[in-house]
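The values are calculated or read from the model by the stated rules, or taken from the named source; none is laboratory data. What you see is a predicted model, and the numbers here were worked out from it, not measured in a lab. Here the Cβ positions follow ideal geometry from the backbone for every residue, glycine too, while neighbour counts run over all protein chains shown. The accessibility values were calculated without ligands, DNA or RNA, using every heavy atom of the protein model including side chains. Shrake-Rupley method; radii C 1.70, N 1.55, O 1.52, S 1.80 Å.
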Amino acid sequence: MAILAEQKATIINDYKRNESDTSSPEVQVAILTYRIKDLTEHLKMHKQDFSSRRGLLMLAARRSRLLRYLAKTDRERYQTLIQRLGLRK
């Protein structure tokens, strides 16, 4: 269930804003989205795993806070990010 270093590096390279960027909101939201998708697949198989369900809710809340921050500070970056990740319909 943990994200591998190669996968994380790929996500960072796809969403970074400049060469030394590893912690912009875009990168953090992309990593959280990957982890949320992974945990969702896990919970489809293991319906009684309540500890993982709590972790999933915590990740979703953190992603929501980051998206709210990004929408408040720079609406254009927010729109492009949710479009690239396919979050809102």
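When Asp38, Asp74 are checked against the criterion of being more than 18 Å from Ile3 (Cα to Cα) and among the acidic types (Asp, Glu), a single residue qualifies: Asp74.
Looking only at residues of the stretch 1-55 that are in contact with a Leu (Cβ under 7 Å, 6 or more places away or on another chain) and aliphatic (A, V, I, L, M), we find that the one that is nearest to Leu67 (Cα to Cα) is Val29. Identify all residues within the stretch 10-54 that are open to solvent by less than 50 Å² (accessible area, probe 1.4 Å), assigned to a helix (DSSP H, G or I) and closer than 28 Å to Asp74 by Cα; write none if there are none. The answer is Ile11, Ile12, Tyr15, Pro25, Glu26, Val27, Val29, Ala30, Ile31, Leu32, Thr33, Ile36. Taking the stretch 55-89 as the range and being of a type in the set (Asp, Glu) and open to solvent by 90 Å² or more (accessible area, probe 1.4 Å) as the test, only Glu76 passes.
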